[in-house]
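A quick write-up on the structure given underneath.
The values are calculated or read from the model by the stated rules, or taken from the named source; none is laboratory data. Since the model is a prediction, treat every value here as computed from it, not as a measurement. All Cβ positions, glycine included, derive from the backbone under ideal geometry; neighbour counts span all protein chains shown. Surface accessibility is based on the protein's heavy atoms, side chains included, excluding ligands, DNA and RNA. Shrake-Rupley method; radii C 1.70, N 1.55, O 1.52, S 1.80 Å.
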Amino acid sequence: PARGDRLAIVTNAGGLGVMATDALIARRGVLAPLSDETRAALDEFLPPYWSHGNPIDVLGDAPAERIGKSIETVLADPNVDAVLSILCPQSITDPTMTARVVSKIAAGAAKPVLTAWVGGRLMQAGRGVLSDAGIACYATPEQAVDAFMHLRTYARNIEVLYETPREV
């Protein structure tokens, strides 16, 4: 489970990032504030016109490596408790390769990585790669945000179970 409420969103489609943000705020989640160090690290390899905030729009021409490096960078930020990677088909998008890259990163991550591969049959193989790797993959950003909020509820419930009751 996520250790906190702060979610970072990495997407190749700004509109889907906004949809995820709206869903997160509606469910009383928290958009992770990116540290100055993380912004500087992202500036080193993202195009100059990236979103410069969370959600992190890596742009529609992003290859799998750019998306992966963005996720790794954001996972290292102490202000981030979990990452949602949203991918939609674009002319040069390779959903299957991107899923392989994200799966490898998520396997070694100490924080939860959720995904939303949005689209029809072009995205199915990528969803299969993520599913086979044990990575949660959803069809919409809203479903992924719901899952994140369920993880938070679960973590809070566990914390309450382990609290020592005060003396009456």
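Worth a mention:
- Charge dipole magnitude, Cβ of K and R +1, D and E -1 - the stretch 92-167, Cα centre, debye nearest 20: 240 debye
- Distances between placed amide hydrogens fall under 5 Å for Ile86 paired with Val10, Thr11, Asn12, Ala116, all partners being 5 or more residues away or on another chain.
- Lys/Arg +1, Asp/Glu -1 at C-beta; the chain dipole; positive extreme among Asn79, Pro165, Ala41: Pro165
- Considering only Ser91, Met149, Gly60, and ranking their Cα positions along the charge dipole of the chain that arises from unit charges at the beta-carbon of Lys, Arg, Asp and Glu, the one farthest toward the positive end is Met149.
- The stretch 27-70, dipole about Cα centre (Lys/Arg Cβ +1, Asp/Glu Cβ -1), debye to the nearest 20: 320 debye
- List Met19, Met149, ordered by accessible area with a 1.4 Å probe, largest first: Met19, Met149
- Estimated purely from DSSP H runs of n ≥ 4, each contributing -39500 (n - 2.57), the mean residue ellipticity at 222 nm for the chain is -15500 deg cm²/dmol once divided by its residues.
- Under the criterion of Cα pairs below 8 Å and six or more residues apart, the relative contact order for the chain equals 27 percent.
- The stretch 1-138 gives an Rg/Rh value of 0.92, both radii derived from C-alpha positions and Rh following Kirkwood.
- Each Lys and Arg adds +1 at its Cβ and each Asp and Glu adds -1 at its Cβ; summed about the Cα centre, the chain shows a dipole of about 380 debye.
- The apolar share of the surface of the chain, taken as the fraction of accessible area on carbon and sulfur atoms (1.4 Å probe, ligands and nucleic acids excluded), comes to 54 percent.
- Accessible-area order (highest first, 1.4 angstrom probe) of the listed residues Asp132, Asp81, Asp94: Asp132, Asp94, Asp81
- Ordering Tyr154, Tyr49, Tyr138 by accessible surface, largest first, gives Tyr49, Tyr154, Tyr138; the 1.4 Å probe counts only protein heavy atoms, with every chain in place.
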